[in-house]
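The values are calculated or read from the model by the stated rules, or taken from the named source; none is laboratory data. Keep in mind that what you see is a predicted model, and the values were worked out from it rather than measured. Neighbour counts run over all protein chains shown; Cβ positions are idealised from the backbone, glycine included. Note: areas computed on protein heavy atoms with side chains; ligands, DNA, RNA excluded. Shrake-Rupley method; radii C 1.70, N 1.55, O 1.52, S 1.80 Å.
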Amino acid sequence: MENVSKRFGATQALRGVEFEARSGEVLALIGENGAGKSTLMKVLSGAHQPDEGKMELLGRPYAPSGPYQARLAGVAMIYQELNLAPHLTVEDNILLGQERTKLGIVNRGAGRAIAREALSRLGHAGLDLRLPVERLSVGLQQVIEIARALASHAKVIVFDEPTSSLTRHDVQQLFTAIRKLRNEGLAIVYISHFLEEIRQICDRFRVLRDGASVGEGTVAGTTDAQIVSLMVGRSIKELFPQVPHQSGDVMMTVESLSGRRAPREASFQLRRGEILGIAGLVGAGRTELLRSLLALDPIRSGKVRLGAIAPAATPRARLRAGLGMVSEDRKTEGLAQERSVADNLTYSYLRPYSRFGWLNLRRRDAAVQTWIERISIKTRGPSQPVRELSGGTQQKVALARVLHQEADILLLDEPTRGIDVGTKAEIYRLIGELAAAGKAVIFVSSYLPELMASCDRLGVMSRGRLREIRPVSKWTEEEVLACAVSEDQAEADEINSHA
Amino acid sequence: MPEPSPNRHSLARRSLSSALALARALAAVVCVIALFAIVDVAIHGANAKFWTLQNLQSISVQNDFIVIAAVGMLLVIIAGGIDLSAGVMMALCATVIAWGMREDIGFLITHGENVPQAARRMKISAETVRTAESKNDSAQLQQTKAQLDHERKRLAELLAIKVEQLEAQSPHGSQSQRAQRTSRLDDLKKALSAVREPDGPTEVDPYLLSLLPNAAGSPWLALLMGVGTGMLCGLLNGVIIVFLRVVPFIGTLGTMMIYLGLGQFVADETTIRPTGAQVPGWIEELSFARPDPAWLVLSKGVWLALVIAGIMACILRYTVFGRYVFAIGSNESTARLCGINVPATKIAVYVLSGLLVGIAAVCSFAATTTGDPSSGMGLELKFIAAVVIGGGSLSGGRGTVIGALAGAIIMGVIGAGCTLLGMRNWLQYITLGVIIVVAVAIDQLRQKRE
């Protein structure tokens with residue numbers, strides 16, 4: 001029985017976090033987005049060095065200078081997004097970076113034995129080692145990642161929200177594997193904010209909030225409500241500020257809108273001053289619904305009408321008709337990271353500052369400044385590159401762009417993902433104020449509580465179809481979840497393997 | 001919670017940072033020039049030539065076309081692309097210009113043929129007459145003779161127009177030059193009257209033909225064709241990249257070979273050399289190191305390059321198009337999300353870059369007055385190097401005109417300076433290579449720290 005303990009005390013993102021993971025035990029690290037989990041991961045893996053505090057592994061100081069050193073020391077990370085070389089085979093991926101060599105020549109036989117053993121420990125002894133991993137399902141790809149950790153003799157395995165892209169079947173398989181590894185004496189750290197999963201698999205928990213650890217205990221001896229209050233740290237009222245608003249006349253009518261894969265024949269109406277939430281699993285086609293409304297993805301059939309106009313199927317025409325979108329991914333789509341706050345805020349609507357194609361930069365920057373003040377964007381000024389801003393602030397810039405372009409219908413895709421709790425509350429209030437000002441909002445999120453708290457009506461999507469829309473008061477969380485997984489598993493699996 | 005961020009503060013910061021960028025570029029250029037000047041003085045003492053107006057004039061005039069083409073390349077690189085065809089494209093444009101000059105394109109269009117073509121036709125029909133004579137075929141002889149007569153009249157007609165043109169030119173230049181002109185004119189008149197005779201010579205001295213000036217519109221038309229070729233080539237690049245979805249590196253690698261082939265087709269696999277009389281003085285003047293008037297200090301080609309650089313800097317900073325180019329280069333998905341017409345903007349980028357390559361070809365033609373389609377191979381790397389030394393990023397979204405300008409100047413100064421110091425060719429190349437790597441490495445470090 002070996003004890004693994006780690007202590008930190010970093011300044012801003014992490015404020016003296018401490019926890020210990022014991023071998024033969026699954027420790028849950030719970031926290032909201034922005035609680036400091038991802039920073040903690042980076043410190044654990046050696047990507048960041050702690051400013052203060054120290055870590056110990058098996059009684060010895062542990063201070064990895066990078067992910068490779070961390071792995072050598074016996075700490076392996078399984079991230080949300082998988083880190084595999086898609087074209088390489090199962091075997092090559094498992095042995096990546098730890099190929100068994102003799103005089104510089106790869107010893108295939110020894111490597112194959114190690115890969116085979118690691119897979120069989122996970123209950124996948126029959127997997128073909130020569131298959132390229134891109135041909136495997138997401139669930140199996142994750143198995144490969146875990147096998148890689150085993151092949152490097154990991155003593156601690158850290159899972160970062162490992163179930164976010166898995167089907168329910170795969171989740172159960174993953175849990176079986178984790179229990180097996182725990183029983184073999186490994187220490188498991190399981191990062192998540194899904195209480196249900198934590199109940200199923202974890203022994204003890206540690207709650208992170210605003211970069212500090214605020215509580216711990218055994219899972220069995222604590223109620224959900226206790227854990228939630230630790231996570232949120234404030235009353236629901238503060239977390240989800242309500243702005244009274246009224247739905248008006250119909251603004252947008254969507255008739256059997258279909259994209260290449262999703263959405264499938266989505267039909268709904270959106271009213272002035274209404275917040276329509278869209279719930280569903282990852283891969284259910286929620287993002288695709290928003291993208292096809294803005295004609296970012298090719299549209300197969302269906303109609304979108306805004307009042308009397310049916311705008312052409314180009315992003316430009318849809319923007320002019322009054323649609324605006326905040327992308328779920330700020331890095332790869334939402335913002336041009338290298339460009340300034342002013343540029344990012346005004347790209348979609350430079351007309352007010354241009355004459356014959358020439359810009360009046362002074363007037364533009366003055367307008368940007370008023371937006372910076374109006375929704376308190378924490379920046380040095382309009383010319384600061386967006387990449388230097390924090391996640392929450394970047395999200396505000398993305399939102400400000402849609403506000404600045406005077407969109408009447410706002411399509412918000414996971415607008416609160418990866419940002420701190422305080423900024424989240426600001427965004428909820430902003431959404432409420434927009435509705436009160438007569439705009440319409442479609443709010444896509446994976447976090448059901450925020451949808452339940454902010455939306456007027458809630459629609460649920462599964463496998464590309466918009467299943468059902470009801471007023472929020474007519475839904476319970478259980479009903480939403482049931483609806484989200486309502487379809488037969490085979491088709492959901494197919495969608496997931498494409499995702 | 002918001003930090004104090006008054007408007008004035010941020011504006012001051014921005015002008016400070018752009019002033020800093022300007023200062024950095026200037027400092028680098030000044031450093032390189034100073035280095036060579038000092039080393040030159042140390043080696044050659046009183047005979048040092050580097051820091052003389054004459055030398056600086058000649059360095060600048062040798063690089064004017066690189067600056068113009070590099071500015072075009074900058075645009076492409078900011079938009080996240082690359083143009084490997086630019087060098088060969090420039091040679092193609094210059095070849096088209098040279099062809100237009102040699103063929104007297106304006107005259108060719110208005111009269112259906114030019115004088116050398118008419119002369120060639122007369123020569124050929126004279127030969128058919130001779131064959132008919134040797135065969136003693138009277139019917140054929142009559143027919144071919146009538147043909148020769150027709151060709152003779154046609155040539156005389158065209159020649160007369162040219163002689164008239166030459167006569168109409170107001171006399172200028174020194175006395176000996178004027179005398180030379182008069183004697184040439186007399187020779188031409190004699191040749192003309194000889195051709196007019198029904199039994200006159202069937203050939204015209206090619207030397208005399210080479211003295212014929214082009215029609216007034218020909219040079220302009222030739223230049224227009226050259227620049228237009230650049231724009232068409234740019235359009236083709238853009239279409240291949242945008243609509244066929246070929247990555248810029250591969251797409252322009254392909255068009256590089258296509259443009260080389262086209263150039264060789266136009267030049268018939270040789271070098272096109274228009275005669276001195278065919279290239280008007282004002283074109284050659286672009287590349288005179290010492291300009292007339294002298295108060296210009298630098299050659300007209302250099303001023304052209306600087307004006308173009310200035311215009312491009314304004315376009316990038318003060319136009320919607322410029323902002324969109326940066327947006328696309330920085331993150332194409334964001335550009336789409338913001339309703340920017342990405343395909344149209346990208347095509348405009350390549351066409352504009354082609355236009356600049358065409359103008360660069362005018363400058364390079366002014367210096368050589370020949371069209372050699374293979375002379376552009378490898379030049380594209382110089383254009384790219386200028387952009388990259390100047391802080392441009394090959395992943396797009398970053399780059400400045402002032403940087404590209406500084407990059408081109410630094411490369412030009414190093415090349416010319418090494419020659420002046422008597423450094424061997426291989427050493428020059430190594431120096432240039434080291435400069436490129438070091439400049440980009442420093443830039444990377446700076447970026448990381450910021």
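Odds and ends about this structure:
- Pair list, Cβ < 8 Å and 6+ apart or interchain, from segment A:254-269 residues that are without any contact (Cβ under 8 Å) to a residue 24 or more places away in the chain to residues that are surrounded by 14 or more Cβ atoms within 10 Å (Cβ to Cβ): A:Q269/A:V250; A:Q269/A:M252; A:Q269/A:T253; A:Q269/A:V254
- Filtering A:L131, A:L136 for residues that are closer than 21 Å to A:L174 by Cα, open to solvent by 40 Å² or more (accessible area, probe 1.4 Å) and not charged (D, E, K, R) leaves a single hit, A:L131.
- Being in contact (Cβ under 8 Å) with a residue 24 or more places away in the chain and surrounded by fewer than 21 Cβ atoms within 10 Å (Cβ to Cβ) is a property that A:L58 has.
Residues are listed down the side, and each one gets a yes or a no for (1) facing another protein chain (nearest Cβ under 7 Å); (2) surrounded by 17 or more Cβ atoms within 10 Å (Cβ to Cβ); (3) touching a Ser or Thr at 6+ places or on another chain (Cβ under 6 Å); (4) at negative phi:
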site: A:Y353; (1), (2), (3), (4): no, yes, no, yes
site: A:F356; (1), (2), (3), (4): no, no, no, no
site: A:R362; (1), (2), (3), (4): no, no, no, yes
site: A:A366; (1), (2), (3), (4): yes, no, no, yes
site: A:E373; (1), (2), (3), (4): no, no, no, yes
site: A:G381; (1), (2), (3), (4): yes, yes, yes, no
site: A:A400; (1), (2), (3), (4): no, yes, no, yes
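- Any hit, segment B:269-285, residues being closer than 20 Å to B:L352 by Cβ and in contact (Cβ under 8 Å) with a residue 24 or more places away in the chain: no
- Reported count of residues in segment A:211-227, each being open to solvent by 60 Å² or more (accessible area, probe 1.4 Å) and under 23 Å from the mean Cα position of the chain (by Cα), is 1.
- Screening B:A216 with (1) in contact (Cβ under 8 Å) with a residue 24 or more places away in the chain; (2) crowded, with 16+ Cβ neighbours inside 10 Å gives one miss only, at (2).
- The helices (runs of 4 or more DSSP H) falling completely within segment B:377-450 that include 3 or more residues that are among the charged types (D, E, K, R) and over 26 Å from the mean Cα position of the chain (by Cα) map to B:425-449.
- Among the residues making up segment A:162-192, those that are surrounded by fewer than 19 Cβ atoms within 10 Å (Cβ to Cβ) and part of a loop (DSSP other than H, G, I, E, B) are A:S164, A:E184, A:G185.
- Scanning segment A:383-394 for residues that are facing another protein chain (nearest Cβ under 9 Å) and surrounded by fewer than 17 Cβ atoms within 10 Å (Cβ to Cβ) gives a single hit, A:E388.
Table: residues versus (1) over 30 Å from A:G392 (Cα atoms); (2) modelled with pLDDT of 85 or more; (3) open to solvent by less than 30 Å² (accessible area, probe 1.4 Å); (4) under 22 Å from the mean Cα position of the chain (by Cα).
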| position | (1), (2), (3), (4) |
| --- | --- |
| A:G31 | no, no, yes, yes |
| A:K37 | no, no, yes, yes |
| A:V43 | no, no, yes, yes |
| A:S65 | no, no, no, no |
| A:I78 | no, yes, yes, yes |
| A:E81 | no, no, no, yes |
| A:K102 | yes, no, no, no |
| A:I105 | yes, no, no, no |
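- Selection status of A:L448, closer than 24 Å to A:H245 by Cβ and either in contact with a Leu (Cβ under 7 Å, 6 or more places away or on another chain) or modelled with pLDDT of 90 or more (or both): no
- Restricted to segment A:429-485, the set of strands (runs of 3 or more DSSP E) holding at least 2 residues that are among the charged types (D, E, K, R) and either under 26 Å from A:S258 (Cβ atoms) or in contact with a Lys or Arg (Cβ under 8 Å, 6 or more places away or on another chain) (or both) comprises A:465-471.
- Among the residues of segment A:452-478, those identified as within 28 Å of A:L434 (Cα to Cα) and among the acidic types (D, E) are A:D456, A:E468, A:E477.
- Per the conditions (1) modelled with pLDDT under 80; (2) within 29 Å of B:I442 (Cβ to Cβ), the sole criterion not satisfied by B:I66 is (1).
- Picking from residues in segment A:399-426 that are within 17 Å of the chain's Cα centre (by Cα) and part of a helix (DSSP H, G or I), the one that is modelled with the lowest pLDDT is A:V421.
- Taking the criterion of being modelled with pLDDT under 75, exposed (fewer than 14 other Cβ atoms within 10 Å of the Cβ) and among the hydrophobic types (A, V, I, L, M, F, W, C), the only residue of segment A:460-498 that qualifies is A:A490.
- Those helices (runs of 4 or more DSSP H) of segment B:38-149 in which at least 2 residues are touching a Phe, Trp or Tyr at 6+ places or on another chain (Cβ under 9 Å), considering only elements entirely within it, cover B:53-62, B:64-78, B:86-102, B:105-111.
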